[in-house]
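Written out below as C-alpha coordinates is the structure these notes cover.
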Amino acid sequence: MIFSKDSKATSWVEGANGSDFSIQNLPYGVFSHGGSSRRVGVAIGQRVVDLSVLHGAGLFAGTPVAGENVFACDALNDFMALGVDAWRGVRRRLVALLAAESSNDAAGKVVEVDSTLRDDAGLQAKAMVPLGDVTTHIPSHVGNFVDFYSSKEHATNIGSMFRDPSNPLLPNWVHIPIGYNGRSSSVVVGGTDIVRPCGQTKADDADAPTFGPCRLLDIELEMGFFTGKANALGTPIPASNAPDHIFGMGLVNDWSARDIQKWEYVPLGPFLGKSFATSVSPWVVSLDALAPFRVDQPVQEPDVLPYLRVDGDWGFDINLQVDLKSAKMNEAMTICRTNFKYMYWTIVQQLVHQTSNGTNVAPGDLYGSGTVSGPTPDSYGSLMEICWKGTKPLKLPTGEERKFLADGDTVTLSGVCNAHNFKVGFGEVAGTILPARAC
Ligand code: CA
(Lines give C-alpha, C1' and ligand atoms only; values in the text may rest on other atoms or scores of the structure.)
Protein backbone atom coordinates (compact mmCIF):
# COMPACT_ATOMS: atom_id res chain seq x y z
CA MET A 1 0.00 0.00 0.00
CA ILE A 2 1.72 3.12 -1.25
CA PHE A 3 0.01 6.40 -0.48
CA SER A 4 0.46 9.35 -2.78
CA LYS A 5 2.15 12.44 -1.39
CA ASP A 6 -1.25 14.17 -1.66
CA SER A 7 -2.98 11.56 0.52
CA LYS A 8 -5.60 12.89 2.91
CA ALA A 9 -6.24 9.52 4.53
CA THR A 10 -6.88 9.63 8.27
CA SER A 11 -7.10 7.10 11.09
CA TRP A 12 -9.64 6.62 13.87
CA VAL A 13 -6.79 5.93 16.35
CA GLU A 14 -6.19 8.62 18.96
CA GLY A 15 -3.37 11.02 18.11
CA ALA A 16 -2.57 9.46 14.71
CA ASN A 17 -3.53 12.26 12.35
CA GLY A 18 -0.74 14.79 11.93
CA SER A 19 1.67 12.75 14.06
CA ASP A 20 4.95 11.07 13.12
CA PHE A 21 3.13 7.75 13.35
CA SER A 22 0.32 8.38 10.87
CA ILE A 23 -1.84 5.91 8.94
CA GLN A 24 0.56 6.52 6.04
CA ASN A 25 3.51 5.38 8.19
CA LEU A 26 2.76 2.23 10.27
CA PRO A 27 6.35 1.56 11.42
CA TYR A 28 7.23 -1.84 12.86
CA GLY A 29 8.93 -2.48 16.19
CA VAL A 30 9.33 -4.97 19.00
CA PHE A 31 7.85 -4.15 22.40
CA SER A 32 6.79 -5.51 25.76
CA HIS A 33 4.47 -4.08 28.40
CA GLY A 34 3.28 -4.97 31.86
CA GLY A 35 5.71 -7.87 32.15
CA SER A 36 4.65 -9.44 28.85
CA SER A 37 7.00 -11.23 26.52
CA ARG A 38 8.34 -9.35 23.52
CA ARG A 39 6.15 -9.19 20.44
CA VAL A 40 5.89 -7.32 17.15
CA GLY A 41 3.82 -4.16 16.96
CA VAL A 42 3.05 -1.19 14.77
CA ALA A 43 3.07 2.36 16.15
CA ILE A 44 0.16 4.61 15.23
CA GLY A 45 -0.54 7.91 17.01
CA GLN A 46 -0.33 7.34 20.75
CA ARG A 47 -0.84 3.58 20.48
CA VAL A 48 1.10 0.45 19.66
CA VAL A 49 -0.96 -2.19 17.87
CA ASP A 50 0.02 -5.69 18.99
CA LEU A 51 0.15 -7.65 15.74
CA SER A 52 0.44 -10.96 17.58
CA VAL A 53 -3.02 -10.32 19.05
CA LEU A 54 -4.49 -9.33 15.68
CA HIS A 55 -3.03 -12.51 14.21
CA GLY A 56 -4.50 -14.58 17.04
CA ALA A 57 -7.91 -13.01 16.33
CA GLY A 58 -7.69 -14.17 12.73
CA LEU A 59 -7.40 -10.67 11.27
CA PHE A 60 -4.59 -11.66 8.90
CA ALA A 61 -6.66 -14.41 7.26
CA GLY A 62 -6.27 -14.22 3.50
CA THR A 63 -2.85 -12.56 3.69
CA PRO A 64 0.55 -14.21 3.12
CA VAL A 65 1.14 -14.36 6.93
CA ALA A 66 -2.10 -16.22 7.71
CA GLY A 67 -0.26 -19.39 8.83
CA GLU A 68 2.35 -19.22 11.56
CA ASN A 69 2.09 -16.18 13.87
CA VAL A 70 5.32 -14.42 12.89
CA PHE A 71 4.44 -11.55 15.22
CA ALA A 72 4.45 -13.60 18.43
CA CYS A 73 8.23 -13.48 18.73
CA ASP A 74 10.97 -11.26 20.05
CA ALA A 75 12.27 -9.89 16.74
CA LEU A 76 11.13 -8.97 13.25
CA ASN A 77 13.50 -11.42 11.52
CA ASP A 78 10.87 -14.05 10.64
CA PHE A 79 8.56 -11.43 9.12
CA MET A 80 11.47 -9.73 7.34
CA ALA A 81 12.46 -13.08 5.80
CA LEU A 82 9.12 -13.41 3.98
CA GLY A 83 9.77 -10.75 1.36
CA VAL A 84 7.91 -7.87 -0.16
CA ASP A 85 4.62 -9.62 -1.05
CA ALA A 86 4.07 -10.56 2.60
CA TRP A 87 5.01 -7.07 3.82
CA ARG A 88 2.61 -5.50 1.35
CA GLY A 89 -0.22 -7.87 2.27
CA VAL A 90 0.13 -7.01 5.96
CA ARG A 91 0.41 -3.29 5.33
CA ARG A 92 -2.72 -3.28 3.19
CA ARG A 93 -4.60 -5.18 5.89
CA LEU A 94 -3.45 -2.76 8.59
CA VAL A 95 -4.55 0.23 6.52
CA ALA A 96 -8.01 -1.37 6.14
CA LEU A 97 -8.24 -1.97 9.91
CA LEU A 98 -6.89 1.39 11.08
CA ALA A 99 -8.10 3.95 8.49
CA ALA A 100 -11.09 6.15 9.24
CA GLU A 101 -12.46 5.77 5.76
CA SER A 102 -11.74 3.95 2.51
CA SER A 103 -8.59 5.26 0.89
CA ASN A 104 -6.85 5.22 -2.46
CA ASP A 105 -3.35 3.99 -3.01
CA ALA A 106 -0.96 5.84 -5.32
CA ALA A 107 -2.15 3.72 -8.26
CA GLY A 108 -5.78 4.74 -7.60
CA LYS A 109 -6.86 1.38 -6.20
CA VAL A 110 -9.36 1.63 -3.32
CA VAL A 111 -8.63 0.03 0.05
CA GLU A 112 -11.97 -0.59 1.77
CA VAL A 113 -12.28 -0.07 5.51
CA ASP A 114 -12.63 -3.11 7.76
CA SER A 115 -14.24 -1.98 11.02
CA THR A 116 -13.57 -5.22 12.97
CA LEU A 117 -11.01 -3.65 15.31
CA ARG A 118 -12.61 -0.21 15.47
CA ASP A 119 -15.95 -1.66 16.58
CA ASP A 120 -14.63 -4.21 19.10
CA ALA A 121 -13.71 -2.54 22.40
CA GLY A 122 -12.64 -5.86 23.91
CA LEU A 123 -10.20 -6.59 21.10
CA GLN A 124 -8.89 -3.03 21.24
CA ALA A 125 -8.21 -3.43 24.98
CA LYS A 126 -6.05 -6.46 24.21
CA ALA A 127 -4.40 -5.28 21.01
CA MET A 128 -3.82 -1.55 21.49
CA VAL A 129 -1.37 -0.42 24.14
CA PRO A 130 -0.57 3.22 25.01
CA LEU A 131 2.76 4.09 23.40
CA GLY A 132 3.95 5.61 26.67
CA ASP A 133 3.43 2.33 28.53
CA VAL A 134 5.56 0.07 26.36
CA THR A 135 9.21 -0.86 26.56
CA THR A 136 10.75 -0.92 23.09
CA HIS A 137 13.46 -3.39 22.17
CA ILE A 138 15.91 -3.80 19.32
CA PRO A 139 13.76 -4.48 16.22
CA SER A 140 15.73 -7.45 14.88
CA HIS A 141 18.41 -9.90 15.85
CA VAL A 142 21.16 -8.13 13.93
CA GLY A 143 23.36 -10.90 12.60
CA ASN A 144 25.54 -8.61 10.55
CA PHE A 145 26.19 -4.89 10.86
CA VAL A 146 27.77 -3.14 7.89
CA ASP A 147 28.67 0.52 7.92
CA PHE A 148 29.14 2.61 4.80
CA TYR A 149 30.74 6.00 4.22
CA SER A 150 28.33 7.31 1.59
CA SER A 151 28.07 11.08 2.16
CA LYS A 152 30.36 12.96 -0.19
CA GLU A 153 30.18 16.02 2.06
CA HIS A 154 31.23 13.96 5.11
CA ALA A 155 34.03 12.15 3.28
CA THR A 156 35.23 15.50 1.90
CA ASN A 157 35.22 17.11 5.35
CA ILE A 158 37.15 14.24 6.94
CA GLY A 159 39.60 14.11 4.02
CA SER A 160 40.14 17.87 4.29
CA MET A 161 40.86 17.67 8.00
CA PHE A 162 43.16 14.65 7.97
CA ARG A 163 44.74 14.54 4.54
CA ASP A 164 44.67 17.19 1.86
CA PRO A 165 42.06 19.99 1.68
CA SER A 166 42.81 20.44 -2.03
CA ASN A 167 42.28 16.74 -2.79
CA PRO A 168 40.16 15.35 0.05
CA LEU A 169 38.60 12.27 -1.57
CA LEU A 170 40.63 9.14 -2.15
CA PRO A 171 40.49 7.99 -5.80
CA ASN A 172 38.28 4.96 -5.05
CA TRP A 173 35.53 6.95 -3.30
CA VAL A 174 33.55 7.89 -6.43
CA HIS A 175 33.72 4.33 -7.78
CA ILE A 176 32.98 2.18 -4.71
CA PRO A 177 30.39 2.63 -1.95
CA ILE A 178 33.10 2.42 0.72
CA GLY A 179 32.16 0.41 3.80
CA TYR A 180 33.36 -2.08 6.37
CA ASN A 181 31.90 -5.03 8.22
CA GLY A 182 31.20 -3.80 11.73
CA ARG A 183 30.17 -5.43 15.00
CA SER A 184 26.57 -6.52 15.54
CA SER A 185 26.71 -7.60 19.20
CA SER A 186 26.93 -3.99 20.39
CA VAL A 187 24.02 -2.67 18.30
CA VAL A 188 21.54 -1.42 20.92
CA VAL A 189 18.07 0.10 20.85
CA GLY A 190 17.63 3.85 21.33
CA GLY A 191 17.40 4.85 25.00
CA THR A 192 20.27 2.56 26.03
CA ASP A 193 22.98 4.38 28.01
CA ILE A 194 26.43 4.43 26.42
CA VAL A 195 29.45 3.74 28.63
CA ARG A 196 32.47 5.79 27.63
CA PRO A 197 34.91 3.29 26.15
CA CYS A 198 38.51 2.83 27.22
CA GLY A 199 41.21 2.20 24.71
CA GLN A 200 44.72 2.74 23.47
CA THR A 201 45.50 6.21 22.18
CA LYS A 202 48.58 8.24 21.37
CA ALA A 203 48.77 12.03 21.54
CA ASP A 204 50.54 13.64 18.58
CA ASP A 205 53.35 14.91 20.81
CA ALA A 206 53.71 11.72 22.86
CA ASP A 207 56.43 9.13 22.27
CA ALA A 208 54.32 6.16 23.26
CA PRO A 209 50.63 5.23 23.51
CA THR A 210 48.65 5.02 26.75
CA PHE A 211 45.50 3.16 27.78
CA GLY A 212 42.57 5.00 29.35
CA PRO A 213 39.10 6.52 28.87
CA CYS A 214 38.33 7.90 25.41
CA ARG A 215 38.66 11.69 25.42
CA LEU A 216 37.24 12.41 21.96
CA LEU A 217 33.83 10.71 22.07
CA ASP A 218 31.65 11.56 19.09
CA ILE A 219 28.35 10.81 17.40
CA GLU A 220 27.64 9.85 13.82
CA LEU A 221 24.21 10.85 12.51
CA GLU A 222 23.26 8.00 10.21
CA MET A 223 20.32 6.11 8.88
CA GLY A 224 20.32 2.38 8.29
CA PHE A 225 18.31 -0.16 6.39
CA PHE A 226 17.28 -3.58 7.65
CA THR A 227 17.51 -6.45 5.20
CA GLY A 228 14.57 -8.65 4.28
CA LYS A 229 14.90 -11.89 2.34
CA ALA A 230 18.23 -13.70 2.39
CA ASN A 231 20.21 -14.51 -0.76
CA ALA A 232 22.14 -17.72 -1.29
CA LEU A 233 25.89 -17.56 -0.68
CA GLY A 234 27.57 -17.03 -4.03
CA THR A 235 24.54 -15.32 -5.61
CA PRO A 236 24.73 -11.50 -5.83
CA ILE A 237 21.53 -9.46 -5.47
CA PRO A 238 20.79 -7.43 -8.61
CA ALA A 239 19.31 -3.96 -8.20
CA SER A 240 16.00 -5.12 -9.68
CA ASN A 241 15.51 -7.52 -6.74
CA ALA A 242 16.27 -4.92 -4.06
CA PRO A 243 12.60 -4.49 -2.95
CA ASP A 244 12.60 -8.11 -1.68
CA HIS A 245 15.78 -7.59 0.30
CA ILE A 246 15.31 -4.14 1.89
CA PHE A 247 12.63 -4.22 4.59
CA GLY A 248 12.80 -0.65 5.86
CA MET A 249 14.86 2.07 7.47
CA GLY A 250 15.62 3.45 10.92
CA LEU A 251 17.79 6.08 12.57
CA VAL A 252 21.32 5.11 13.60
CA ASN A 253 23.81 6.81 15.92
CA ASP A 254 27.17 5.18 15.31
CA TRP A 255 29.06 6.33 18.43
CA SER A 256 32.75 6.85 17.68
CA ALA A 257 35.89 7.19 19.80
CA ARG A 258 37.96 9.48 17.58
CA ASP A 259 41.22 9.24 19.56
CA ILE A 260 41.11 5.42 19.62
CA GLN A 261 40.10 5.39 15.94
CA LYS A 262 42.93 7.68 14.90
CA TRP A 263 45.67 5.54 16.47
CA GLU A 264 44.34 2.14 15.39
CA TYR A 265 42.78 2.52 11.95
CA VAL A 266 45.86 2.23 9.71
CA PRO A 267 46.20 -0.16 7.94
CA LEU A 268 43.04 -2.26 8.43
CA GLY A 269 40.40 0.34 9.18
CA PRO A 270 37.91 0.84 12.04
CA PHE A 271 38.07 -1.54 15.01
CA LEU A 272 37.61 -0.76 18.72
CA GLY A 273 36.99 2.95 18.17
CA LYS A 274 33.69 1.96 16.54
CA SER A 275 32.63 -1.37 17.99
CA PHE A 276 31.64 -0.39 21.55
CA ALA A 277 28.11 0.82 20.67
CA THR A 278 25.77 1.63 17.79
CA SER A 279 22.24 2.81 18.62
CA VAL A 280 19.20 2.20 16.39
CA SER A 281 15.71 3.63 16.65
CA PRO A 282 13.02 1.22 17.87
CA TRP A 283 10.68 1.85 14.91
CA VAL A 284 11.45 0.66 11.38
CA VAL A 285 9.72 2.53 8.55
CA SER A 286 8.94 0.35 5.53
CA LEU A 287 10.10 1.21 2.03
CA ASP A 288 6.45 1.50 0.95
CA ALA A 289 5.81 4.13 3.66
CA LEU A 290 8.86 6.02 2.39
CA ALA A 291 7.88 5.73 -1.29
CA PRO A 292 6.15 9.17 -1.49
CA PHE A 293 9.43 10.74 -0.37
CA ARG A 294 11.73 9.17 -2.94
CA VAL A 295 13.75 11.79 -4.82
CA ASP A 296 16.51 11.80 -7.38
CA GLN A 297 19.91 11.15 -5.81
CA PRO A 298 22.87 13.49 -6.46
CA VAL A 299 24.47 13.17 -9.91
CA GLN A 300 27.21 10.53 -9.86
CA GLU A 301 30.23 11.73 -11.80
CA PRO A 302 32.17 9.89 -13.16
CA ASP A 303 29.74 7.18 -14.31
CA VAL A 304 29.61 4.18 -12.03
CA LEU A 305 30.40 0.70 -13.29
CA PRO A 306 27.47 -1.13 -14.90
CA TYR A 307 26.76 -3.38 -11.90
CA LEU A 308 26.12 -0.27 -9.78
CA ARG A 309 23.74 1.40 -12.25
CA VAL A 310 20.28 1.56 -10.70
CA ASP A 311 17.02 2.66 -12.29
CA GLY A 312 14.60 4.97 -10.54
CA ASP A 313 14.93 7.56 -7.81
CA TRP A 314 16.56 6.09 -4.73
CA GLY A 315 17.26 9.24 -2.75
CA PHE A 316 14.93 9.93 0.18
CA ASP A 317 13.74 13.34 1.38
CA ILE A 318 14.07 12.73 5.13
CA ASN A 319 14.67 15.69 7.45
CA LEU A 320 17.20 14.79 10.14
CA GLN A 321 18.09 16.56 13.36
CA VAL A 322 20.56 16.15 16.22
CA ASP A 323 19.88 17.55 19.69
CA LEU A 324 22.39 17.74 22.55
CA LYS A 325 21.60 18.18 26.24
CA SER A 326 24.27 18.33 28.91
CA ALA A 327 23.50 17.27 32.48
CA LYS A 328 23.24 20.97 33.44
CA MET A 329 20.87 22.01 30.64
CA ASN A 330 17.11 22.17 31.14
CA GLU A 331 16.33 21.84 27.44
CA ALA A 332 18.17 20.24 24.57
CA MET A 333 19.83 22.35 21.92
CA THR A 334 19.71 21.51 18.21
CA ILE A 335 23.24 21.16 16.84
CA CYS A 336 22.52 19.84 13.33
CA ARG A 337 19.74 19.89 10.75
CA THR A 338 20.29 18.00 7.53
CA ASN A 339 18.58 15.72 5.03
CA PHE A 340 19.14 12.17 3.83
CA LYS A 341 18.66 13.31 0.20
CA TYR A 342 22.28 14.52 0.13
CA MET A 343 23.66 10.97 0.27
CA TYR A 344 25.79 10.20 -2.80
CA TRP A 345 25.51 6.41 -2.73
CA THR A 346 21.99 4.97 -2.49
CA ILE A 347 20.79 2.11 -0.29
CA VAL A 348 20.27 -0.07 -3.38
CA GLN A 349 23.82 0.54 -4.56
CA GLN A 350 25.07 -0.32 -1.06
CA LEU A 351 23.19 -3.63 -1.09
CA VAL A 352 24.24 -4.47 -4.65
CA HIS A 353 27.86 -3.66 -3.91
CA GLN A 354 27.93 -5.61 -0.63
CA THR A 355 26.64 -8.75 -2.35
CA SER A 356 28.53 -8.27 -5.63
CA ASN A 357 31.17 -10.79 -4.50
CA GLY A 358 28.49 -13.32 -3.58
CA THR A 359 28.28 -12.46 0.11
CA ASN A 360 24.97 -13.51 1.62
CA VAL A 361 22.75 -11.20 3.66
CA ALA A 362 20.50 -12.55 6.40
CA PRO A 363 17.07 -11.17 7.39
CA GLY A 364 17.44 -8.40 9.97
CA ASP A 365 20.98 -7.34 9.08
CA LEU A 366 21.67 -3.63 9.56
CA TYR A 367 23.34 -1.47 6.93
CA GLY A 368 24.45 1.95 8.23
CA SER A 369 24.61 4.76 5.68
CA GLY A 370 27.65 6.45 7.10
CA THR A 371 27.51 9.92 8.62
CA VAL A 372 24.93 12.11 6.89
CA SER A 373 26.43 15.56 6.37
CA GLY A 374 24.91 18.31 4.27
CA PRO A 375 26.68 21.14 2.45
CA THR A 376 26.75 23.73 5.27
CA PRO A 377 28.35 23.65 8.75
CA ASP A 378 24.95 23.58 10.47
CA SER A 379 24.17 20.38 8.54
CA TYR A 380 27.21 18.33 9.54
CA GLY A 381 26.43 15.00 11.20
CA SER A 382 29.31 14.60 13.67
CA LEU A 383 30.92 16.75 16.36
CA MET A 384 34.24 16.21 14.60
CA GLU A 385 32.87 18.24 11.69
CA ILE A 386 30.57 20.63 13.60
CA CYS A 387 33.51 21.68 15.83
CA TRP A 388 36.00 21.18 12.98
CA LYS A 389 38.51 18.98 14.81
CA GLY A 390 38.02 20.93 18.03
CA THR A 391 38.82 24.35 16.58
CA LYS A 392 35.23 25.67 16.77
CA PRO A 393 33.77 24.58 20.12
CA LEU A 394 30.01 24.57 20.59
CA LYS A 395 28.81 27.12 23.16
CA LEU A 396 26.01 25.71 25.28
CA PRO A 397 23.43 27.99 26.97
CA THR A 398 24.84 27.04 30.39
CA GLY A 399 28.21 28.57 29.47
CA GLU A 400 29.70 25.13 28.95
CA GLU A 401 31.68 24.31 25.81
CA ARG A 402 31.81 21.10 23.82
CA LYS A 403 34.29 19.82 21.27
CA PHE A 404 33.32 16.21 21.95
CA LEU A 405 30.86 14.53 24.34
CA ALA A 406 31.14 14.82 28.13
CA ASP A 407 29.79 12.34 30.68
CA GLY A 408 26.10 13.02 31.31
CA ASP A 409 25.47 14.41 27.81
CA THR A 410 22.38 13.10 26.04
CA VAL A 411 22.26 13.03 22.25
CA THR A 412 18.96 12.55 20.43
CA LEU A 413 18.59 11.99 16.68
CA SER A 414 15.21 12.40 15.03
CA GLY A 415 13.90 12.15 11.48
CA VAL A 416 10.69 12.97 9.65
CA CYS A 417 9.31 13.11 6.10
CA ASN A 418 6.80 15.90 5.50
CA ALA A 419 3.96 15.70 2.97
CA HIS A 420 1.16 18.21 2.48
CA ASN A 421 -1.32 16.54 4.79
CA PHE A 422 0.70 13.98 6.73
CA LYS A 423 4.07 13.06 8.17
CA VAL A 424 6.03 9.86 8.16
CA GLY A 425 8.35 10.05 11.17
CA PHE A 426 11.06 7.80 12.55
CA GLY A 427 10.62 8.92 16.15
CA GLU A 428 14.00 9.27 17.80
CA VAL A 429 17.10 7.45 18.94
CA ALA A 430 18.68 8.77 22.12
CA GLY A 431 21.63 7.86 24.32
CA THR A 432 23.26 9.28 27.46
CA ILE A 433 27.00 9.04 28.09
CA LEU A 434 27.98 7.29 31.32
CA PRO A 435 31.50 7.60 32.78
CA ALA A 436 34.11 5.06 31.78
CA ARG A 437 34.33 1.98 33.98
CA ALA A 438 37.71 1.11 35.48
CA CYS A 439 40.26 1.12 32.69
CA1 CA B 1 29.72 5.10 10.96
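The values are calculated or read from the model by the stated rules, or taken from the named source; none is laboratory data. As the structure is a computational prediction, the values presented were derived from the model and not from experiment. Don't worry about glycine lacking a Cβ; one is built from the backbone with ideal geometry, like all the others, and counts go over all protein chains shown. Only protein heavy atoms, including side chains, enter the accessible area calculation; ligands, DNA and RNA are left aside. Shrake-Rupley method; radii C 1.70, N 1.55, O 1.52, S 1.80 Å.
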When you count, for each residue, the other Cβ atoms within 10 Å and take the mean per peptide, how do 385-397, 89-101, 296-308 rank with the highest first? 89-101, 385-397, 296-308
Among the lysines, which fall within straight-line cross-link reach of K229, defined as a Cα-Cα distance under 23 Å, with same-chain neighbours fewer than 8 residues apart omitted? none
Solvent exposure ordering (accessible area, 1.4 Å, most first) of E68, E428: E68, E428
Rank by packing, highest mean first: peptides 228-236, 366-374, with packing defined as the count of other Cβ atoms within 10 Å averaged across residues. 366-374, 228-236
Free-standing Cys, the chain [no other Cys Cβ under 4.7 Å]: C73, C214, C336, C387, C417
Which of the trypsin sites (Lys or Arg not before Pro) found in segment 121-195 are in a DSSP loop and have at most 16 neighbouring Cβ atoms, other than their own, within 10 Å? R163
Take the solvent-accessible surface of the protein heavy atoms, probe 1.4 Å, and return the percent of it on the chain that carbon and sulfur atoms account for. 51
Dipole axis of the chain (+1 Lys, Arg; -1 Asp, Glu on Cβ), positive-most option in G250, C417, Y180: Y180
As I understand it, the value is the acute angle between the Cα axis of helix 152-162 and the longest principal axis of the Cα atoms of the chain; what does it come to in degrees, rounded to 10? 20
All-pairs alpha carbon distance profile, segment 302-422, 5 Å steps from 0, percent: 2, 9, 16, 17, 15, 13, 11, 9, 5, 2, 0
If R₀ is 41 angstrom, what is the calculated FRET efficiency for the pair R437 and D303, using the beta carbon separation as r and rounding to 0.05? 0.25
30 Å tail of the calculated P(r), the chain, as % of Cα pairs: 43
For segment 234-278, list residues with backbone N below 17 Å from a point placed 7 Å from the Cα of N181 toward its Cβ? 234-237, 268-272, 275
How much accessible area per residue does the chain have, counting only protein heavy atoms and a probe of 1.4 Å, in square angstrom? 41
If you wrap a convex hull around the alpha carbons of segment 113-217, what volume per residue comes out, as a whole number of Å³? 228
Sum of -39500 (n - 2.57) over DSSP H runs of 4+, divided by residues of the chain (222 nm, nearest 500): -4000 deg cm²/dmol
So how much slack lies between D296 and K328, counting 0.36 nm per residue of separation and subtracting their Cα-Cα distance, in nm? 7.3 nm
Among 342-350, 70-78, how do they line up from the highest to the lowest mean number of other beta-carbon atoms within 10 Å? 342-350, 70-78
Round to a whole angstrom and tell me the spacing of the C-alpha centers of segment 15-59 and segment 301-315. 36
